[in-house]
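The values are calculated or read from the model by the stated rules, or taken from the named source; none is laboratory data. Model, not experiment: these values are computed from the prediction. Backbone-built Cβ (ideal geometry, glycine too); neighbour counts: all protein chains shown. Ligands, DNA and RNA are excluded from the accessible area calculation, which covers all protein heavy atoms including side chains. Shrake-Rupley method; radii C 1.70, N 1.55, O 1.52, S 1.80 Å.
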Amino acid sequence: NIVDAEGNVKVEDVINNYVLFSDTATYKKNEEIVITKGNSKGIDDKNRTITSDKLTYNKITNIVDAEGNVKVEDVINNYLIKTEKLLYFKNKEKILTEGFTEADIQSKYNLKSENVIYNISTNEIISKKKTTLKDNNNQIYYLDELIFFVDKNLLKGKNILTITNYNLPKSDKFFFTDGIFNLNNKNFTAKDT
């Protein structure tokens with residue numbers, strides 16, 4: 001009950017609306033697990049694409065485990081995530097990354113952190129690790145941890161250092177122990193400025 005395939009492999013799960021492509025694949029029928037290696041790519045029904053060196057797809061739990069040069073691209077919601085390892089819980093609409101993670105969000109924000117949680121259904125990005133968020137107006141935020149509400153452009157964090165006009169001749173630096181920042185209108189509420 002194990003099928004091995006090589007070449008331009010395509011595996012289609014019509015029940016869960018998921019398609020996998022790779023150089024090689026192993027299908028373990030008894031466990032309903034597909035393991036792909038080499039140029040692995042998974043595409044879901046929302047045109048969300050995961051590419052990596054290796055993908056493990058569990059058809060029963062509807063979870064994708066990607067390893068090595070992982071890239072998640074969603075053209076509809078306009079984000080790109082790069083990391084070394086991630087879990088995608090398709091039913092829960094949640095992505096968990098392991099290790100260094102970089103994300104480009106809505107062509108406006110660049111986020112660098114580790115071990116990030118992205119709740120796709122609520123559009124929240126969470127990290128308990130040191131994080132850098134830079135916007136396209138040259139403002140940068142260094143945080144010890146964050147929750148970023150993408151739809152509302154709200155940033156909530158702890159131990160925040162923000163620099164306006166980053167890498168430009170005239171800039172200002174502010175430090176806050178806690179804060180909530182509206183990135184649209186640059187308003188904020190903060191503690192211990």
Task: Mean Cα-pair separation over length for the chain, i.e. relative contact order, pairs under 8 Å, 6 or more apart, % - done: 9 percent
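Would you please classify the overall shape of the range 71-114 from the alpha carbon gyration tensor, given that a ≥ b ≥ c denote the square roots of the eigenvalues, rounded means a/c under 1.5, and beyond that prolate means a/b larger than b/c while oblate covers the rest?
Numbers: a/c = 2.22, a/b = 1.11, b/c = 2.01.
Oblate shape, in that a/c is at least 1.5 and b/c is the bigger or equal ratio.
Report the FRET efficiency, 1/(1 + (r/R0)^6), for Lys46 and Tyr142, where r is their Cβ-Cβ distance and R0 is 30 Å, rounded to 0.05.
Efficiency computed from Cβ-Cβ geometry: 0.35.
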Open item on the list: So with the 1.4 Å probe, I'd like the accessible area per residue for the chain, rounded to whole Å².
Closed with: 55 Å²
Open item on the list: With a 1.4 Å probe and all protein chains left in place, how much of the accessible area of the range 62-193 comes from carbon and sulfur atoms, in whole percent?
Closed with: 49 percent
TODO: Quick one: of Lys112/Lys152; Lys46/Lys158; Lys82/Lys186; Lys108/Lys191; Lys85/Lys108, which pairs are farther than 31 Å apart, Cα to Cα?
DONE: Lys46/Lys158
- [ ] Note down the magnitude of the dipole of the chain about its Cα centre, charges +1 on Lys and Arg C-beta and -1 on Asp and Glu C-beta and zero elsewhere, to the nearest 20 debye.
- [x] 560 debye
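Taking the Cβ of Val75 as the centre, find all other residues whose Cβ is under 11 Å away and add up their charges (Lys, Arg: +1; Asp, Glu: -1).
Taking every Cβ under 11 Å from that of Val75, the sum is 0.
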Open item on the list: Below 8 Å between Cα atoms, with a sequence gap of 6+, how large is the relative contact order for the range 103-152 in percent?
Closed with: 32 percent
